[in-house]
Amino acid sequence: MKQTIGILLSLLLVGTSWSQTEGEINKKVASLISRMTLEEKIGQLTLYTSGWDQTGPTLRSEYMEDVRSGRCGNLFNAHTAEYNRGLQKVAVEETRLGIPLLFGYDVIHGYKTIFPIPLAEACSWDMNLIEKSARLAAKEAAAAGLHWTFNPMVDISRDPRWGRIAEGAGEDPYLGGLIAAAKVKGHQGEELSDPSTLLACVKHFAAYGGAQAGRDYHTVDMSDRVLRETYLPPYKAAIDAGAATVMTAFNEVDGVPATGSKYLMEDILRKEWDFDGFIVTDYTAINEMVPHGYALDNQHAAELAINVGVDMDMQGAVYQNHLEKLVLEGKVSEDDINASVSRILKYKYKLGLFDDPYRYSDAEREKEVVFSKEMMDHSLEAGRKSIVLLKNISVNGKKLLPIDPTTKNIAIIGPLGNNKEDQLGTWHASGDVNKAITLFEALKTALPNANISYTEGCKTSGADQSGFKDALEAARKADIIIMAIGEDYRQSGEAASRSELGLPGKQQALLEAIHQLNKPIVSVVMAGRPLTIGWMEDNLSAIVYAWHLGTMAGPAIADVLLGAYNPSGKLVITFPRNVGQIPIYYSMKNTGRPFDANNKYTSKYLDVENTPLYPFGYGLSYTDFEYSNLRMSNKTLNGDGSINVNIQVKNTGALKGVETIQLYTQDLVGSVTRPVKELKDFRQIELSPGESKVVSFTITSDDLRFHTQNMEYKAEPGKFTLYIGGNSVDVLSADFEYKN
Ligand code: GLC
């Protein structure tokens, strides 16, 4: 008891930073900076990867010497309470000023317990779920010595060739913005002084997802209007949600590499959005301004980056090697360096690291939190809600799904059916493969009396078909076949763009060979991106898109296949019929010659329809929902008025189910052409069989704003159409007019 009182008193006397105001922290930061040498200041602008993990093209063996000398004040890819405590001890006890290290890591969809990849979880359209995933990931990572995650990745992408589409929230800026904010709130919690929180880092600023041809790191070239209408909103939403840090993108935008862009880093981020956190580069992104052809050499690159306010150099060593000389040459002002150092130290104070540098490195807490039941249960819940049912039609009067639990013989075939690592997906951090439960394992547990076989059949790459024989043999013995096919975890994510989007390796051949047996087949696709699965759509009666769902992927998929969970996911990314259609997304423009089957001279392909294989917002349920009685309170929206919109939704099927009701608008005439649809709101409701509900929305002029021809962000008077439905195509519509 006495000891507790002593600790409390000392905290009160010392004044913990978490009880101090911004002003008191700023004073402490200024005082510390006044005692730092230029070299020590530059050390705080330096971030190196530990030798533990490699997430980019370079490694440095001397990072510990840099820490010891104070020339490196931040590390990433180092984790566990014990390992980070040891590193922190070096910084705190062996450097002149004892400034604590900041530890960062890519906790993208879980730290040890892995949740669905972001593209999958976005298909839940469940902001509470998404925020909870970020909260739990932070709780688990913070218990393991981490202070900062390089997340959320909020890059909009409309090109599934781009491997990093797996890490984002799909094609829509409105939904992407809500998800970005949910993740920032989840990671940072209510107070950064809470040791279960992490600094968020919104990335990759900006427009990394707009890479030409979906080729990673490729050129990004777009109008300012497209940049602001489509790509910027999710970054802004993350900043507005309080994101502490921003990461620069590798790519150029309109000819200027993001990491050296005054327009992006100063004009937009600092001035328009009033961002006061710190900016970290992506991995050696400053150095890369040389191959971009924007900097003469690394010294010039360092000068360009620091002079647009880029605070921290990830792994490039250019600040460490060149800033001092640039200051002496008068090309960089020490005031600017002080400003950068101040932005970084402020967060070390906010995290409470100056009061207790080891408060995140508590091995006891780590043992309690990592892989707790809470984590595993959430991984299952998130997995279930991320699954999208793409097809489930009756054959001979019966639907294959949900699978009859009395089924005797089930054959699981395909390389994703029993692979613990692939189901974790890209960027699975320190996910423990041994904790992952596969589909094969989960089905055996769920159906102990069934005879369930597993045959790999083939790999996810290569041309070897020697496994087909065993697969066919297993299929012949089965009453139902579950094909578990798709991509392995390396086939999406960073530096993993694909020019073709079919099933990789010989999986399509395996699928067609099994299909020849004329037996019931359920296809479960696990992938990090939309695949061109038109053959499945044409030839199979049941298709489940299970992405890469993480540690509990197996039980989540089994719950859907067996009907323990009625699938509710809705696509957040359009599925193309083939690569030739890309980019294809729901909010395209109408063009001057919209497709007309009766007129040759209209916008189309000779060899494929304009429509996607599956549209944005699409996802089936084991029950059915009927939409009716679309009602608007008035047909005219005046100035600061609003229109109330009601829609009746009824569950006309036999099972309880969750439906995501989506509301889109179309601005029929604008001072610039406008998309044929834009998502503006949605509701999620659960309905029992036969139950119906009236769902209400409110539209105001704020919902109609866009960047007009002279780049003003406002709504323009005119005619609009409103669409409501369970996806972006099957909708009820009504017209209204806005008069400002
Ligand atoms: C990588 C990624 C970035 C990640 C960083 C650190 O190259 O582009 O998203 O946060 O390096 O691992």
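The values are calculated or read from the model by the stated rules, or taken from the named source; none is laboratory data. Quick caveat, the model's predicted, so the values are computed rather than measured. Reconstructed Cβ throughout: ideal geometry from the backbone, glycine too, with neighbour counts over all protein chains shown. These accessible areas exclude ligands, DNA and RNA; they are computed on the full protein's heavy atoms, side chains included. Shrake-Rupley method; radii C 1.70, N 1.55, O 1.52, S 1.80 Å.
Descriptive notes on the structure:
- Segment 189-210 - residue that is outside any loop (DSSP other than H, G, I, E, B) and among the small types (Gly, Ala, Ser) and, of those, surrounded by the most Cβ atoms within 10 Å (Cβ to Cβ): 209
- Members of segment 304-315 found to be in a loop (DSSP other than H, G, I, E, B) and open to solvent by less than 10 Å² (accessible area, probe 1.4 Å), listed by number: 310, 311, 315
- Restricted to segment 450-500, and to residues there that are hydroxyl-bearing (Ser, Thr, Tyr) and touching a Phe, Trp or Tyr at 6+ places or on another chain (Cβ under 7 Å), the residue that is farthest from residue 518 (Cα to Cα) is 497.
- Scanning segment 74-100 for residues that are within 27 Å of the chain's Cα centre (by Cα) and away from the ligand (no atom under 16 Å from the Cβ) yields 80, 81, 84.
- Scanning segment 535-554 for residues that are touching a Gly at 6+ places or on another chain (Cβ under 9 Å) and open to solvent by 20 Å² or more (accessible area, probe 1.4 Å) returns 535, 552.
- Qualifying positions in segment 624-651 - open to solvent by 70 Å² or more (accessible area, probe 1.4 Å) and part of a loop (DSSP other than H, G, I, E, B): 624, 635, 640
- Taking each residue of segment 650-670 that is farther than 17 Å from residue 386 by Cα and looking for partners that are assigned to a loop (DSSP other than H, G, I, E, B) and acidic (Asp, Glu) with beta-carbon atoms closer than 8 Å, six or more apart or interchain, yields 650/691; 651/624; 651/691; 652/624; 653/624; 667/716; 670/716.
- No other residue among 238, 213, 301, 285 is surrounded by fewer than 17 Cβ atoms within 10 Å (Cβ to Cβ) and either outside any loop (DSSP other than H, G, I, E, B) or in contact with a Phe, Trp or Tyr (Cβ under 9 Å, 6 or more places away or on another chain) (or both) apart from 213.
- Among the residues of segment 680-705, those that are small (Gly, Ala, Ser) and either more than 29 Å from residue 233 (Cβ to Cβ) or in a helix (DSSP H, G or I) (or both) comprise 688, 690, 692, 701.
- Exactly one residue out of 169, 206, 181, 211 is of a type outside the set (Lys, Arg) and more than 16 Å from the ligand (Cβ to nearest atom): that is 181.
- Taking the listed residues 325, 331, the one that is among the charged types (D, E, K, R), in contact (Cβ under 8 Å) with a residue 24 or more places away in the chain, assigned to a loop (DSSP other than H, G, I, E, B) and surrounded by fewer than 18 Cβ atoms within 10 Å (Cβ to Cβ) is 331, with no other qualifying.
Per-residue answers, yes or no, for (1) assigned to a loop (DSSP other than H, G, I, E, B); (2) among the aromatic types (Phe, Trp, Tyr); (3) crowded, with 17+ Cβ neighbours inside 10 Å; (4) not assigned by TED's automatic domain parsing to the domain that holds residue 721:
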| site | (1), (2), (3), (4) |
| --- | --- |
| 560 | no, no, yes, yes |
| 566 | yes, no, yes, yes |
| 572 | yes, no, yes, yes |
| 592 | yes, no, no, yes |
| 596 | yes, no, no, yes |
| 600 | yes, no, no, yes |
| 604 | yes, no, no, yes |
| 607 | yes, no, no, yes |
| 617 | yes, no, yes, yes |
